[in-house]
1. Show the residue pairs that are 6+ apart or on different chains and have beta-carbon atoms under 6 Å apart, the first residue being within the stretch 283-294 and without any contact (Cβ under 8 Å) to a residue 60 or more places away in the chain, the second being open to solvent by 10 Å² or more (accessible area, probe 1.4 Å).
2. Which pairs do you get when a residue that is closer than 19 Å to ARG47 by Cβ, found in the stretch 19-37, comes within reach of a residue that is open to solvent by 40 Å² or more (accessible area, probe 1.4 Å) and in a strand (DSSP E or B), reach meaning Cβ atoms under 7 angstrom, with the pair 6+ apart or on two chains?
3. Are there helices (runs of 4 or more DSSP H) fully within the stretch 184-300 with at least 3 residues that are surrounded by 18 or more Cβ atoms within 10 Å (Cβ to Cβ) and aliphatic (A, V, I, L, M)? List them.
4. Looking at the stretch 265-300, which of its residues are of a type in the set (Gly, Ala, Ser) and out of contact with any Phe, Trp or Tyr (no Cβ under 7 Å at 6 or more places or on another chain)?
5. Run THR106 past the list (1) at pLDDT 95 or above; (2) over 18 Å from LEU209 (Cα atoms); (3) open to solvent by 70 Å² or more (accessible area, probe 1.4 Å) and report the number of the one that doesn't hold.
6. What single numbered condition from (1) in contact with a helix residue (DSSP H, G or I) (Cβ under 8 Å, 6 or more places away or on another chain); (2) over 27 Å from ASN293 (Cβ atoms); (3) not aromatic (Phe, Trp, Tyr) fails to hold for THR192?
7. I'd like the residue in the stretch 48-95 that is within 8 Å of the ligand (Cβ to nearest atom) and buried (at least 21 other Cβ atoms within 10 Å of the Cβ) and, out of all such residues, is farthest from GLY11 (Cα to Cα).
8. Within the stretch 13-47, can you find the residues that are within 13 Å of the ligand (Cβ to nearest atom), open to solvent by 20 Å² or more (accessible area, probe 1.4 Å) and touching a Ser or Thr at 6+ places or on another chain (Cβ under 7 Å)?
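The values are calculated or read from the model by the stated rules, or taken from the named source; none is laboratory data. Keep in mind that what you see is a predicted model, and the values were worked out from it rather than measured. Heads up, the Cβs are rebuilt from the backbone with ideal geometry, glycines too, and the neighbour counts pull from every protein chain shown. For the accessible areas, the whole protein counts, side chains as well, though only heavy atoms, and no ligand, DNA or RNA atoms are used. Shrake-Rupley method; radii C 1.70, N 1.55, O 1.52, S 1.80 Å.
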Amino acid sequence: MRKVAIIGASGLLGRAVSRELERADGWQLVRTAHRRTGAGVVSLDIRDHEAVRNFLRAESPDAVVVAAAERRPDVCENDPALARALNVEALATIAEARAWVLSISTDYVFDGTSPPYFPDDAPAPLNAYGHSKLDGERALLSADPAACVLRLPLLYGPFVDWAESAVTSLTPAIVQSAETGSAPASMDAWATRYPTYTPDVAVVIRGMLDHHARGHTISGITQWSGDEPMTKFDIAERIARVLKVDAKLTAQRTPTDATPRPRDCHLDSGRLEALGIGRRTPFDVAIASLLANYPAMPTQ
Ligand SMILES: NC(=O)c1ccc[n+]([C@@H]2O[C@H](COP(=O)([O-])OP(=O)(O)OC[C@H]3O[C@@H](n4cnc5c(N)ncnc54)[C@H](OP(=O)(O)O)[C@@H]3O)[C@@H](O)[C@H]2O)c1
């Protein structure tokens, strides 16, 4: 039995990874959270470097999966010190662990002008979030070249709040637009996204951990992505179809966000695919299961 620590196990991705590893053979799980702690979850603020060192020393895991981050682009833009503390400085300390570290990064390290992007392509982030995640990749890999970064695009999956994912956050406006007398909901039709289902990412991460356990540690930069390109407008139309509501949607064909965002960061997943790692649940299947009990949230 090997021990894996999931740092940030209470988040959208951390919960999916925890669920996958709870079911998997061969892995003993230690989960940490910051605000949303509960039974069996260690309280850990990754800005507290001594606490991080003490946790890693006490648990002595074989592997550490880092899903804790500040991932809201607008928050990173307005609070660069917080973004740096969570997305960069904490990784330099976690890199000291005598364990294989797998840290999650983002497609926003690219500027989105010439997809698809391969792991070795030159990054060029457009916003503070992308800059902090790129600096975090570099802090981790320069401190520990055996560590691994997994870049991911827009995530969605079992959620506890509609706003947890930029996919499910569209739902209230879609439903409201269908009500008599409501104004149409404006949806971005400029940026192409590749929504990626968190239970699929969890399977990818378990596959990477199993490789490590077999002595074939994966190091450096890896990427995983869903393979269905869609704009938020397309996503909204699919959600409306699942909910069988007559949504009134308008396509917004120019970006309106205050924070600059890339247009198309399609990530090539070939490195992991070549190792036989991966799973892709079709978007319509996944979103239908998440919204099956609407307006109730999916059971986690
Ligand atoms: N969501 C996406 O669409 C997306 C896309 C690409 C890449 N990513 C990357 O995927 C990873 C996971 O993202 P996510 O969507 O699961 O994020 P999330 O839902 O916002 O979860 C963030 C996690 O970080 C923890 N955390 C926050 N502040 C902390 C602190 N000071 N100390 C320790 N833990 C802290 C949170 O704990 P509490 O909730 O308990 O406070 C939570 O477990 C991140 O690296 C993100 O950059 C996300």
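1. Filtered contacts from the stretch 283-294: ALA288/VAL242.
2. Listed by first residue and then by second, the contacts come to ARG31/VAL42; THR32/VAL42; ALA33/SER43; THR37/SER43.
3. 198-213, 232-243, 283-290
4. The initial filter retains those residues of the stretch 265-300 that are of a type in the set (Gly, Ala, Ser), namely 269-270, 274, 276, 278, 286, 288-289, 292, 296.
Of everything in the stretch 265-300, those that are of a type in the set (Gly, Ala, Ser) and out of contact with any Phe, Trp or Tyr (no Cβ under 7 Å at 6 or more places or on another chain) turn out to be GLY270, ALA274, GLY276, ALA288, SER289, ALA292, ALA296.
5. Exception for THR106: condition (3).
6. (1) is the only condition that THR192 fails.
7. ALA90
8. ARG31, ARG36, THR37, VAL41, VAL42, SER43
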